[in-house]
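Working notes for the structure below.
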């Protein structure tokens, strides 16, 4: 709900459990009066804490200080010395934007973003226009409240209303001012094969920043930051969190000023950004989903999960069980041919697996990762009859067929690069910087984008697929485009991301019945914007179950289980050699969208024989994975054991997984089950028990001691 009070010049934005209150000050600035647990509407202009007055500039014609304003979209170089959201630079080199309130508008539906950046679906939206009345520059702030959630989305549009060019040096999505600094900063760091590791540190005076300039959201830092009270736990305490719906270089910052206030901000990383606006042109920032809850980290997660499922992921896929796949990569890598593929497909008949995915190596001169990328034609020597023959063979065996692509990349050793070396992001006169033996195609160029659209459309149309895995296996470097003049080279990264969105939108709209899965060397581009196109994303190239418990925990802090693509692979694990039993590998993979990675020639007979039963079990719990609320106790690797409880919205059923890494001496596993209705009875068939939810959540269960390390026990609970 969005209310405007003309007498107080105040806006009240009210969600499920929060109030977000704005006001226009007597000097014409838009200030935040309050953001937090829901309160009664009142004129909050009375609340005037004493800030530090010494040496702070005074607003011209006023007794107030710039530092007094809890600016809703902060600018620089006027007297507010905290981190700004916007730095415009005019032809004189002036970088000032004195943004004051101009007008507002309430729209019943969200305004589409003309640049193509994905945003969440939504209804009533507040648009507040701020204007620099001296220059003509204006900024439109967009707010959408989700009344069923503790979520509000924010973004900004800067419009050049001046008579000259404006160069944007910084255009973040939001600034969020809070009155105190009694917070810890929660972020998700990592690297390839160890994505989204939670890190929680106390704030200090000054700025604490995370982010990256890699051109993707990256495995190194997620586009997420949360301010949590020191006493906040999994289920209690305040959290203010931001998840950016963007897939390029991003930036998150928390700054504590000399008065003890905190400013949180996020958006496109200014270090790799610049944008030129001619008169009348505008620039739109990515959207940020901002969550408030007083129900702890778990409350934050459940709010974000519902938000992405209900308002970001395509409704066609959001609550639809995805097929159980076998992906060829870990079993075959590049070492396959027609006969090996057909033998694999034939062996899967009746196994319970529903879709076979042919990964990298099917095109051009692609016998390793050194050549052929960009040559999107079938290697007929390797695969006589082409992809259609493989697709037909799958269907003869009751399977669907899926295909791997990497459309943003090119090998220097390829026909495409030899014909069009200028199509790659490289700098003339310098040796190109390769990663994984590949370069990045310049999606800021219309001719490159047009070619890749036509090429990918042809490949997908001819292949007979019902699933596409879209990979992206290196970051951006050089940041130079032959398409852009020297003064606009700061636009390369963002234009690349916009081009990628254009391609993703074109392909997903052209093939609405095909399931697209995202991937970037695993979870290197796992963000909210990609979920608008891909309902699931390959969580990590690391399929080891113990490592995956940590990776999936961190991913699940923000993203729903159904968005996390998880596969059972062989033991010992190909990445770290760890030996983990089939039950554990399966139970861990069940906590997301489920599939397999193995070579049928090497898969143990006893493990192969259990696939059909495991798939049937997964089908039973899939509705919970798709729609349930997640409750957690413990975290790997900090805790030796942890519990993941996925509970239906009406609390009539739950799927509970207990994981224990190392087996303690002479100790039976004991754990409680979070998230249940305390007043209902639950039947646990596996243990032949019927117990009240209050008993299960407080006293819990004791189960037989595991025989070995890295073990799980899972239970389906049904209310009776």
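Sub-6 Å Cβ pairs linking a first residue in the stretch 469-493 that is touching a residue at least 40 places away in the same chain (Cβ under 8 Å) to a second residue that is assigned to a helix (DSSP H, G or I) and surrounded by fewer than 18 Cβ atoms within 10 Å (Cβ to Cβ), at least 6 apart or interchain, are 480/489; 482/422, ordered by first then second residue.
For the stretch 257-270, a residue qualifies if it is touching a residue at least 60 places away in the same chain (Cβ under 8 Å) and either under 11 Å from residue 170 (Cα atoms) or crowded, with 20+ Cβ neighbours inside 10 Å (or both), and the qualifying residues are 257, 262, 263, 264, 265, 266, 267, 268, 270.
Per this entry, residue 476 is not counted among residues that are touching a strand residue (DSSP E or B) at 6+ places or on another chain (Cβ under 7 Å) and in a strand (DSSP E or B).
From the list 655, 596, which one is under 17 Å from residue 571 (Cβ atoms), touching a residue at least 24 places away in the same chain (Cβ under 8 Å) and either buried (at least 17 other Cβ atoms within 10 Å of the Cβ) or not assigned by TED's automatic domain parsing to the domain that holds residue 543 (or both)? When all the criteria are applied, what remains is 596. Counting only strands (runs of 3 or more DSSP E) wholly contained in the stretch 142-258, the ones carrying 2 or more residues that are over 24 Å from residue 99 (Cβ atoms) occupy 184-191, 194-202, 206-211, 224-228, 239-245. Considering only residues in the stretch 228-285 that are out of contact with any strand residue (DSSP E or B) (no Cβ under 9 Å at 6 or more places or on another chain) and more than 17 Å from residue 497 (Cβ to Cβ), the one that is modelled with the lowest pLDDT turns out to be 259. Based on what the data block shows, is residue 279 over 23 Å from the mean Cα position of the chain (by Cα) and surrounded by fewer than 20 Cβ atoms within 10 Å (Cβ to Cβ)? Criteria met by residue 279. Considering the stretch 392-417, the residues that are touching a strand residue (DSSP E or B) at 6+ places or on another chain (Cβ under 6 Å) and without any contact (Cβ under 8 Å) to a residue 60 or more places away in the chain include one that is nearest to residue 344 (Cα to Cα), namely 394.
Residue 630 fulfils the conditions (1) part of a helix (DSSP H, G or I); (2) modelled with pLDDT of 95 or more except for a single criterion, (1). Looking only at residues in the stretch 703-720 that are touching a strand residue (DSSP E or B) at 6+ places or on another chain (Cβ under 7 Å) and either at pLDDT below 95 or in a loop (DSSP other than H, G, I, E, B) (or both), the one that is nearest to residue 653 (Cα to Cα) is 720.
Where strands (runs of 3 or more DSSP E) fall wholly inside the stretch 497-580, the ranges with 2 or more residues that are touching a residue at least 40 places away in the same chain (Cβ under 8 Å) and more than 19 Å from the chain's Cα centre (by Cα) are 564-569. In the set (1) part of a strand (DSSP E or B); (2) within 30 Å of residue 17 (Cα to Cα), residue 357 fails one condition alone, (2). The conditions of being surrounded by 15 or more Cβ atoms within 10 Å (Cβ to Cβ) and touching a helix residue (DSSP H, G or I) at 6+ places or on another chain (Cβ under 7 Å) are not met by residue 29. With respect to the conditions (1) in contact with a strand residue (DSSP E or B) (Cβ under 9 Å, 6 or more places away or on another chain); (2) surrounded by fewer than 17 Cβ atoms within 10 Å (Cβ to Cβ), residue 181 falls short on a single one, namely (2).
Could you list all residues from the stretch 15-35 that are more than 21 Å from residue 180 (Cβ to Cβ) and under 25 Å from the mean Cα position of the chain (by Cα)? 15, 16 - these are the residues of the stretch 15-35 that are more than 21 Å from residue 180 (Cβ to Cβ) and under 25 Å from the mean Cα position of the chain (by Cα).
Counting the residues of the stretch 360-374 that are within 20 Å of residue 519 (Cα to Cα) and in a loop (DSSP other than H, G, I, E, B) gives 10.
The values are calculated or read from the model by the stated rules, or taken from the named source; none is laboratory data. Just so we're clear, the structure is a prediction, and the values are computed from it rather than from any experiment. Here Cβ is always computed from backbone atoms with ideal geometry, including for glycine, and neighbour counts include all displayed protein chains.
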